[in-house]
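Undergrad: Input: one structure, supplied below.
What follows is calculated from the coordinates using simple rules that are stated; it is not laboratory data. All values reported here derive from a predicted model rather than from experimental measurement. Positions of Cβ are generated from backbone atoms using ideal geometry, with glycine treated the same way; all protein chains shown enter the neighbour counts.
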Amino acid sequence: MNIFKPIKINHHVYQIRVIGCRITLIINDNCICLVDIGYPGSYRFIKNGIKALGLSISDINSIVLTHYHPDHIGDIKSVLEDVTPQIFAHKDEIPFIAGLVPAVKASNNQAIQLLYKKTKSYLTMPDLMNRISPVTEGDVIPFPYRINTVHLPGHTKGSIGLFLPDNRTVIVGDSLTHKFGRQLGFASSLYSDDMKLVKQSALKLSDLDIDKIVFSHYPPITKNAKAKIKTLVTNDKERT
Ligand SMILES: [Zn+2]
Ligand SMILES: [Zn+2]
């Protein structure tokens, strides 16, 4: 088995296993939009994965960061040493991604604070403040394939997902879980800031016309996604 071999979701969407998460590639016309980066050391896996697809690093023309957690942004420095893509994130996440506000203060959540005490040293890149373009609900990422931003507050304040309407796919970052590849669930309560918002964001996702969901830490859902989210949200309402 080739560990660098990307996981194909469909013709336009692939994932690569990197350190600490799965990053997602949206591909069209030899252009790559990279969704998240992984912990430091992940760039090597990204490079090999892109090569395995017959593409080149210079084909990366956009990067979207779903939120500021280090397993999603940790190796951005290495990527930016090689390429100069446009970078997008929600405005609430940018100061934490750049390390201007100590990320340990980003959340009252103790699990996140502990994570940051261990990792804050590599997260200071003030230049990113000016390099990242802020996006919010409904914004379109400039790319030769339709990508719409969905604001999904809850896991973090500025968590975003990406909706590909022509692909009936949504990329949700950490805003939903899919344990063992069969159990769709809300974002982890251990690592999320506000579970009430997490559930509201899931409700918002249940309104999208989707067939597939792509996660940062779990295998994708490749069919009937809309019905599955609706069931999750409805069952939760009945319990509470
Ligand atoms: Zn996260
Ligand atoms: Zn994560």
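Undergrad: Which of Thr84, Pro165, Thr222 sits closest to the plus end of the dipole of the chain, meaning its Cα is farthest towards the positive end, when Lys and Arg get +1 and Asp and Glu get -1 on the C-beta?
TA: Value: Thr222.
Undergrad: Taking H as built 1.01 Å from N, whose amide H comes closer than 5 Å to the amide H of Leu152, not counting residues under 5 places away?
TA: Sorted by chain and number, the residues that satisfy this are Ser159, Ile160, Gly161.
Undergrad: Considering amide H positions built from the backbone, and no H for Pro or chain starts, which residues 5 or more places from Val18, or on another chain, come under 5 Å of its amide H?
TA: Close amide H contacts, sequence-distant or interchain: Ile23.
Undergrad: A further question follows. Give, in nm to one decimal, the length gained when the segment between Thr234 and Ile57 is fully stretched (0.36 nm per residue of separation minus the Cα-Cα distance).
TA: Numbers: separation 177, 0.36 × 177 = 63.72 nm, distance 4.28 nm.
Full extension of this stretch gives 59.4 nm more.
Undergrad: Right, something else. Spelling out what I want: for every residue of segment 160-166, take phi, set θ = phi - 60°, compute 6.51 cos²θ - 1.76 cosθ + 1.60 (Karplus), and round to whole Hz; glycine and proline get x.
TA: Result, ordered by residue: 10, x, 10, 9, 9, x, 6 Hz.
Undergrad: If I stretch the segment between Asn130 and Arg182 completely, what's the gain in nm (0.36 nm per residue apart, minus their alpha carbon distance), one decimal? Mind dumping the intermediate values first?
TA: Details: separation 52, 0.36 × 52 = 18.72 nm, distance 4.03 nm.
Length difference between fully extended and current span is 14.7 nm.
Undergrad: Could you compute the FRET efficiency for Asp82 and Arg146, with r as their C-beta to C-beta distance and R0 at 35 Å, rounded to 0.05?
TA: Numbers: r = 27 Å, r/R0 = 0.78.
So the FRET efficiency works out to roughly 0.80.
Undergrad: While we're here: Which of His90, His151 comes first, and how do the rest follow, when ranked by fewest Cβ neighbours within 10 Å?
TA: On the way: His90 27, His151 18.
By the 10 Å Cβ count, ascending, the order reads His151, His90.
Undergrad: Using each residue's phi in segment 134-142, evaluate 6.51 cos²θ - 1.76 cosθ + 1.60 at θ = phi - 60° and report the 3J(HN,Hα) Karplus result to the nearest Hz, with x for Gly and Pro.
TA: Result, rounded to whole Hz: x, 10, 9, 2, x, 5, 9, 7, x.
Undergrad: To the nearest 0.05, what FRET efficiency results for Ser189 and Asp29 with a Förster distance of 41 Å applied to their C-beta separation? Present the calculation step by step, with values, prior to reporting the outcome.
TA: Values: r = 41 Å, r/R0 = 0.99.
Efficiency, rounded to the nearest 0.05: 0.50.
Undergrad: Pull up all non-local amide H partners of His178: gap of 5 or more, or a different chain, and H-to-H distance under 5 Å with H placed in the peptide plane.
TA: Gly185
Undergrad: Based on alpha-carbon centroids, what's the gap between segment 51-88 and segment 125-182 in Å, whole number please?
TA: Centre-to-centre distance over Cα atoms comes out at 14 Å.
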